[in-house]
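Note sheet for the following structure.
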Amino acid sequence: IRDYYIARLKKEMPDKIRINGTMENRLPGNANISFKGIEASEVIFKLDEKNICVSSGSACSSVNSEPSHVLTAIGVPEEYLKCAIRTTFGDNNTFREVDYLINNLKKIII
């Protein structure tokens, strides 16, 4: 599911996204993507209106509004730090849900 999500983003919004981290060293259901030109808080708010839950940081730092120290440490450029969204997929997520997420992201980002 995660790989499908990333592949669709790369295909449909190649100039609007930055994948943070490597594909080799990441949790199986985790995707951390920065969306060019929009703050994470705005994306989160608009997705929440569509009953889509995402985060702008790790679960253990969800109350902190500072850019992720992990993203900073792995060299994410400053202009992408405040527009990073963490999406986590589990066994119960479907391709249809990912399609719904992508369609809504496109309305917000593009």
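Assorted remarks:
- The single condition among (1) at pLDDT 95 or above; (2) more than 16 Å from M13 (Cα to Cα) that P77 does not meet is (1).
- Qualifying positions in segment 80-108 - closer than 13 Å to K16 by Cα and among the aromatic types (F, W, Y): Y80
- The residues on offer are R26, R2, and the sole one that is farther than 11 Å from I108 by Cβ and touching a Gly at 6+ places or on another chain (Cβ under 6 Å) is R2.
- The residue of segment 18-52 that is nearest to L101 (Cα to Cα), among those that are free of Cβ contacts under 8 Å to residues at least 60 places away in the same chain and in contact with a helix residue (DSSP H, G or I) (Cβ under 6 Å, 6 or more places away or on another chain), is I52.
- Contacts under 8 angstrom Cβ, first residue in segment 79-99 being farther than 30 Å from H69 by Cα, partner open to solvent by less than 100 Å² (accessible area, probe 1.4 Å) and not in a helix (DSSP H, G or I), 6 or more apart: T94/I1; F95/I1
Residues checked against (1) of a type outside the set (D, E); (2) open to solvent by 80 Å² or more (accessible area, probe 1.4 Å); (3) modelled with pLDDT of 95 or more:
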{"site": "N30", "(1), (2), (3)": "yes, no, no"}
{"site": "I38", "(1), (2), (3)": "yes, no, no"}
{"site": "V43", "(1), (2), (3)": "yes, no, yes"}
{"site": "D48", "(1), (2), (3)": "no, yes, yes"}
{"site": "S55", "(1), (2), (3)": "yes, no, no"}
{"site": "C60", "(1), (2), (3)": "yes, yes, no"}
{"site": "Y100", "(1), (2), (3)": "yes, yes, yes"}
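- If only residues of segment 1-26 that are closer than 15 Å to I85 by Cα, open to solvent by 20 Å² or more (accessible area, probe 1.4 Å) and not basic (K, R) are counted, the one that is modelled with the lowest pLDDT is G21.
- Beta carbons closer than 8 Å, at least 6 apart along the sequence or on distinct chains, never pair a first residue in segment 1-12 that is farther than 21 Å from D91 by Cα and in contact (Cβ under 8 Å) with a residue 24 or more places away in the chain with a second that is aromatic (F, W, Y) and open to solvent by 60 Å² or more (accessible area, probe 1.4 Å).
The values are calculated or read from the model by the stated rules, or taken from the named source; none is laboratory data. Computed from a predicted structure; not experimentally measured. In this analysis, Cβ positions are derived from the backbone assuming ideal geometry, glycine residues included, and neighbour counts consider all displayed protein chains. For the accessible areas, the whole protein counts, side chains as well, though only heavy atoms, and no ligand, DNA or RNA atoms are used. Shrake-Rupley method; radii C 1.70, N 1.55, O 1.52, S 1.80 Å.
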